[in-house]
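**Student:** One structure, as structure tokens, below. Some questions next.
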Amino acid sequence: MNSNRLVLTGEVTEVAELRYTPAGIPLVSFTLKHASQQTEAGMQRKVECEVPAVAMAKLAEQARGLQIGSIASVAGFLAKRSLNSRQLILHINELEIIEKG
């Protein structure tokens, strides 16, 4: 039970300013809005969601180029936002800016 990988393409709806962790690692938080048609139980279903994401280190520098309205494709893993939180956040391992906003 070691698999934890999410691949998602969507529109950037929020982008925070570049900041640094207490260890000095650059970090950029943003939100991706995804909309698509998916097949479930043999039927087409419209799917929409907004996923909070965070890019760190070299990917944070790349994520600085994100603007609201940009289309991005990302891959990464899900983790709790903080130690005591139940909310999930997508930690980015791969980032491709498909279209600038």
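The values are calculated or read from the model by the stated rules, or taken from the named source; none is laboratory data. Note that this is a predicted model, so its numbers are computed, not measured. Note that we place each Cβ from the backbone using ideal geometry, even for glycine, and neighbour counts take in every protein chain shown. We work out accessible area using only protein heavy atoms, side chains counted, and drop any ligands, DNA or RNA first. Shrake-Rupley method; radii C 1.70, N 1.55, O 1.52, S 1.80 Å.
**Student:** Within region 58-72, which residues are of a type in the set (A, V, I, L, M, F, W, C), open to solvent by less than 30 Å² (accessible area, probe 1.4 Å) and not in a strand (DSSP E or B)? Quick ask: steps written out before the conclusion?
**Tutor:** Step one: filter region 58-72 for residues of a type in the set (A, V, I, L, M, F, W, C), giving 59-60, 63, 66, 68, 71-72.
Checking which are open to solvent by less than 30 Å² (accessible area, probe 1.4 Å) leaves us with 60, 63, 66, 72.
Hits for region 58-72 are Ala60, Ala63, Leu66.
**Student:** Taking Leu27, is it hydrophobic (A, V, I, L, M, F, W, C) and touching a Phe, Trp or Tyr at 6+ places or on another chain (Cβ under 8 Å)?
**Tutor:** Answer is yes for this residue.
**Student:** Among the residues of region 73-89, are any over 25 Å from Met1 (Cβ atoms) and open to solvent by less than 90 Å² (accessible area, probe 1.4 Å)?
**Tutor:** Checked region 73-89: at least one residue is over 25 Å from Met1 (Cβ atoms) and open to solvent by less than 90 Å² (accessible area, probe 1.4 Å).
**Student:** Report yes if Glu99 is open to solvent by 60 Å² or more (accessible area, probe 1.4 Å), among the acidic types (Asp, Glu) and over 11 Å from the mean Cα position of the chain (by Cα), otherwise no.
**Tutor:** yes
**Student:** Name every residue in region 1-57 that is touching a Lys or Arg at 6+ places or on another chain (Cβ under 7 Å), open to solvent by less than 70 Å² (accessible area, probe 1.4 Å) and not in a loop (DSSP other than H, G, I, E, B), in order of residue number.
**Tutor:** Once the filter is applied, which keeps residues that are touching a Lys or Arg at 6+ places or on another chain (Cβ under 7 Å), open to solvent by less than 70 Å² (accessible area, probe 1.4 Å) and not in a loop (DSSP other than H, G, I, E, B), region 1-57 yields Gly10, Thr13, Leu27, Val28.
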